[in-house]
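Down below is the structure, laid out as structure tokens.
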Amino acid sequence: MRLYASVPPPRTTTPHLPLVLTAVLLLVGGLLLALPDRAGAADAVISQGRPATSSSVEDATLGPEKAFDGVSTTRWASAEGSDPQWIRVDLGPSATVSRVKLVWEAAYAKAYRIEISADGTSWTRLATETAGNGGTDDWTGLTGTGRHLRVYGTARGTSYGYSLHTVEVYGTTGSTTPPTGAFTIVAAGDIAARCTASSSSCAHPRTAALARRIAPSFYLTMGDNQYDDAMISDFRAYYDKSWGAFKARTRPVPGNHETYDPAGPLAGYKAYFGSIAYPQGKPYYSYDQGNWHFVALDSNSFDDPAQIQWLKDDLARNAKGCVAAHFHHPLYSSGGHGNDPVSKPVWKILYEAGADLVLNGHDHHYERFAPQDHNGKATANGIVEIVGGMGGAEPYDIETVQPNSQKRISGPYGVLKLDLTDTTFTWQYVGTDDKVKDSGPTYTCH
């Protein structure tokens, strides 16, 4: 148990002072020594309620946000039995940290580091523990400036994982107003193969169970919701038995498999989702949540002038500060289908409107890209694209790695867990084993 990491300087006295003054100084000095180190004591807690991510979770009820909710009885817990594991918090721009207080559950860290970063990629060490014994670790007298702070565990103190009731970060923040309006979305594409939970190899019931455990504000899809020909009978027999449990809270878009229905393109899709997929009378629509504006597009018909004009008009009317789009065909992909130029005109419209995020499926893997424009040029003003086609269909191999691709995963089924505020967004790719396979940076909306 670490109570104070820094020690006050030793007391000294000045020679040749009058006896009474020396006695007074000795008394004051003794009182100061009796007090704990007060470095950072005047600073406030700046971590409570802030967006948090972690390397893994033991289950969805023990998420990283529990360590920052100000409630002493809740906790974050990592997956058991593996090192390293980490938990991090977004403190907002220009945070200065003076103190970090950790309250461990029984599953504590024997060795860990406290680190700070401006961008979530390059980290600077603030403190190191090599002989932890649990309880409360109160690191004072720290000096660090950045946006992200993490506790990085390298050796467990038990056979379990890492578990923290509380992570309190003290310090000051910049003049930027802290993000508000936080909410979580679960997203996936390429979902329901023609199988059910009675088959041990059937993945979409497992991704649906994961999506339910995360308990987001709503769900969105990136197309190919139902395989192979997306007939209404298959929607009812397969998709409805898994992801259909939260159909009323889903914002879907169609993929190419929805066009294969013998009854006509999108016939089964429209019959199953009804006004959920056609709230504005077309298979493309928009909706708002918090300070975010979402456009749900039908990439099967990006050559339809009506949809293109609707998109331009919709974005021109938008008054929200952050913009996201979801549709099936990715402009950029390192998977089997590769880059799809059909999406380039839409990307140009989104880029010129200052859009922040695009979510796609089609290729059955997970991939994230650095911000870029419609010509593939990396730029801070660009759009972040995420391919999330691991909702249940058979995985595709990574083939040709595209420029600006930052991370690629093929094999483990899972969903995107997106955490958004009024001014920022970040995400995790979570596998059906509840382990975080990748965490994205935190971006500020344009």
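The values are calculated or read from the model by the stated rules, or taken from the named source; none is laboratory data. Predicted model only: the values in this text are computed from it and were never measured. Note that each Cβ is placed from the backbone with ideal geometry, even for glycine, and that neighbours are counted across all protein chains shown. Ligands, DNA and RNA are stripped out before the accessible areas are found, and what is left, the full protein with its side chains, is counted by its heavy atoms. Shrake-Rupley method; radii C 1.70, N 1.55, O 1.52, S 1.80 Å.
What FRET efficiency do you get for Thr130 and Glu80 if R0 is 25 Å and r is their Cβ-Cβ distance, rounded to the nearest 0.05? Could the numbers behind the result be given before it?
Details: r = 22 Å, r/R0 = 0.89.
Once rounded, the FRET efficiency stands at 0.65.
For the chain, what is one quarter of the convex hull surface built on the Cα atoms, given in nm²? The partial results should precede the final answer.
Working: hull surface 98.3 nm².
Averaged projected hull area, Cα only: 24.6 nm².
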Ordering Ser233, Ser334 by accessible area with a probe of 1.4 Å, largest first, what comes out? Ser233, Ser334
What are the ³J(HN,Hα) values, in whole Hz, obtained from phi via the Karplus relation 6.51 cos²θ - 1.76 cosθ + 1.60 with θ = phi - 60°, for each residue of the stretch 334-349 in sequence order, with x given for Gly and Pro? 9, x, x, 6, x, 5, 10, x, 4, 8, 5, x, 5, 4, 4, 5
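Please give the contour-minus-distance gain from Asp228 to Lys320: 0.36 nm per residue of separation, less the Cα-Cα distance, rounded to one decimal in nm. Display every interim value, and only then the final one.
Details: separation 92, 0.36 × 92 = 33.12 nm, distance 3.73 nm.
Gain on stretching Asp228 to Lys320: 29.4 nm.
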Here the FRET efficiency for Tyr260 versus Gln406, based on Cβ atoms and R0 = 35 Å and rounded to 0.05, is 0.60
For Thr73 and Asn375, calculate 0.36 nm times their separation in residues minus their Cα-Cα distance, and state this gained length in nm to one decimal. 103.7 nm
In nm, give the distance between the simple-model label positions of Thr444 and Phe183, each being 7 Å from the Cα along the Cα-to-Cβ direction. 2.4
Given springs between every Cα pair under 10 Å in a Gaussian network model of the chain, which of Ser405, Ser333, Ser159 has the largest fluctuation? Ser159
Using 0.36 nm per residue, how much length does the chain from Glu394 to Asp304 gain when fully extended, once their Cα-Cα distance is taken away? 29.4 nm
By how many degrees, 0 to 90 and rounded to 10, does the Cα axis of helix 204-214 deviate from the longest principal axis of the chain? 40
Expressed in nanometres to one decimal, the distance between label points 7 Å along Cα→Cβ at Ala155 and Ala118 is 3.3
Would you compute, from DSSP H runs of 4+ residues alone, the mean residue ellipticity of the chain at 222 nm, taking -39500 (n - 2.57) per run and dividing by the full residue count, rounded to the nearest 500? -4000 deg cm²/dmol
Can you pull the one-decimal nm distance between simple spin-label points at Asp313 and Lys344, each 7 Å off the Cα toward Cβ? 2.8
In square angstrom, rounded to the nearest 10, how much accessible surface does Ile46 have for a 1.4 Å probe? 20
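Between Glu352 and Ser200, what's the calculated FRET efficiency when r is the beta-carbon distance and R0 is 56 Å? Round to 0.05. Please report the intermediate quantities before stating the final value.
Values: r = 48 Å, r/R0 = 0.86.
The formula returns an efficiency of 0.70 here.
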Which whole-number percent gives the relative contact order of the chain, counting Cα pairs below 8 Å spaced six or more residues apart? 14
